[in-house]
Amino acid sequence: MAGFNAVRRYYAYLATTAYGFYLPVGLLYLEQQYGWVVVGLTQGVFSFALVAAEIPTGYVGDRIGRRASLALGNVISTGALGAFVFLDSPLEYCALYAVWALGWGFRSGTSEAWLYEFLASRGDTESYTRLDGRARTVRLLVSAAGAVLAGVLVTFGWGVPLFVNAALSALGVPILLSLPAVGATTENDADDPPAGDPKPGDADVFGVRDAVRMLRVQARRPEIRWLVVYVGLFYVLFAVTRPYESPIAEQVGVPVAALGALFAGFKLVSAGAAASAGWVRDAFGTRGVLALLVPVYGVAFASVAFVPLFVLPVFFLNRGLKTVLGPIRNQYVNDRLEDVGRATVLSGVSMLLSVAAGTANLFSGPLIDAFGPFRFLAGAGVAAATAAGVLWVAVDPVREDADSPVGTTPSPATD
């Protein structure tokens, strides 16, 4: 029962990381104020700032405890959302997104590591995909409700839905304090939280050099390296699509007041996808699911060039598939790691994905200006699917029969 209560509190925490109030209006506000290029620029800055934050924030998660790291993330997000509409220039918005990325980095990999290690302490890691999918469902449902309300709240001013989202993020801090501490340096039962999370100076501390060695070891493993490259192609496609959903939807006839309902629909579809992640993995296997991405993405995005209105179902498809892939990818990587350094490795994966996304976003705004949003999306989708297909044939990126986990802290002899 205690373990069940801890998982429910974890679900409640993830609900406070929802951005449903922000999503329908934040980037549309930027596009209307400054244009396509600035939208792409801010998202590129966010991604590169996240790259810079991933290793140190993952290291913080491994060293001082998951809860403290996650709480910092919520505090920074609260400040970013609260300040959003008070800025006056593209440079200020770039700075805001850079700081916001730091908060995101404190959560990236760390929340997933908390859940996996909590389940490992109870001998139940097989439940990870199912429970992670349910947790994402909770967050998506909260985002859906927030998006609907945002469409109403924005009629009172651009800042109102953003202030509400800031308050939701702040609520996550006390919830985090109620979660049990877990981790490789914590020997206490996960149901009985110790007096505090592991502190610097404890025995067998996972150091910075250990973190660098850990990432180096994992990068040499083909089943990790090529999986990240393959998934990264589709992550880039998601990254260059999502910032422009609101402005493009407005171009195909969706009024601003209805954008909240549209984004609620996105979240509901994603929630259903998240809830089915475990079933999808069981039914098709990790390899089967990832193999289907090539034809599905290629055909869907190509259709936008011929019928621009098809961009709306493509948005739904893109979000649903991305949500399903999250827990499946994390399960694949987690199964090939051990507890020590887990958050650092997961943050390293996020770092690489952010490099790819940031680079793409810096170019996406000018390309949309040059070719138009529909031709740009169609070309990006076909290019990503083609590259992924070539990679699948050339290097076999998804290997179900991987070696046993490699994740223990490397000794100096292996450096």
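If the requirement is being under 30 Å from Phe84 (Cα atoms), buried (at least 18 other Cβ atoms within 10 Å of the Cβ), modelled with pLDDT of 60 or more and not basic (Lys, Arg), which of these qualifies: Ala181, Ala144?
It is Ala144.
Tell me whether region 44-56 contains one or more residues that are surrounded by fewer than 21 Cβ atoms within 10 Å (Cβ to Cβ) and more than 18 Å from the chain's Cα centre (by Cα).
no
Go through region 250-261 and count every residue that is surrounded by fewer than 22 Cβ atoms within 10 Å (Cβ to Cβ) and closer than 13 Å to Phe315 by Cβ. First the steps, then the outcome.
Filtering region 250-261 for residues surrounded by fewer than 22 Cβ atoms within 10 Å (Cβ to Cβ) gives 250-258, 261.
In the following step, the residues that additionally are closer than 13 Å to Phe315 by Cβ were identified as 250-252, 254.
Number satisfying all stated conditions: 4.
Select from region 246-282 the residues that are of a type in the set (Val, Ile, Thr), assigned to a helix (DSSP H, G or I) and in contact with a Pro (Cβ under 8 Å, 6 or more places away or on another chain) and list them in ascending order. Working first, answer last.
Taking region 246-282 as the starting set, the residues that turn out to be of a type in the set (Val, Ile, Thr) are 248, 252, 254, 256, 269, 280.
From what is left, the residues that are assigned to a helix (DSSP H, G or I) are 248, 256, 269, 280.
The one that is of a type in the set (Val, Ile, Thr), assigned to a helix (DSSP H, G or I) and in contact with a Pro (Cβ under 8 Å, 6 or more places away or on another chain): Ile248.
Name every residue in region 350-395 that is among the β-branched types (Val, Ile, Thr) and touching a residue at least 60 places away in the same chain (Cβ under 8 Å), in order of residue number.
Filtering region 350-395 for residues among the β-branched types (Val, Ile, Thr) gives 355, 359, 368, 382, 386, 390, 393, 395.
Correct list: Val355, Thr359, Ile368, Val382, Thr386, Val395.
Table: residues versus (1) among the small types (Gly, Ala, Ser); (2) closer than 23 Å to Ala147 by Cα.
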position	(1), (2)
Gly26	yes, yes
Leu30	no, yes
Gln43	no, yes
Ala49	yes, no
Pro56	no, no
Arg63	no, no
Leu70	no, no
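Looking only at residues that are of a type in the set (S, T, N, Q) and crowded, with 24+ Cβ neighbours inside 10 Å in region 351-390, which one is modelled with the lowest pLDDT?
Ranking the candidates gives Ser354 first.
So which residues in region 142-176 are assigned to a helix (DSSP H, G or I), aromatic (Phe, Trp, Tyr) and in contact (Cβ under 8 Å) with a residue 24 or more places away in the chain, if there are any at all?
Passing the criteria: only Phe163.
The values are calculated or read from the model by the stated rules, or taken from the named source; none is laboratory data. For clarity, every value in this text was computed on a predicted model and none was experimentally measured. Neighbour counts are summed over all protein chains in view; Cβ atoms, including those assigned to glycine, are modelled from backbone coordinates with ideal geometry.
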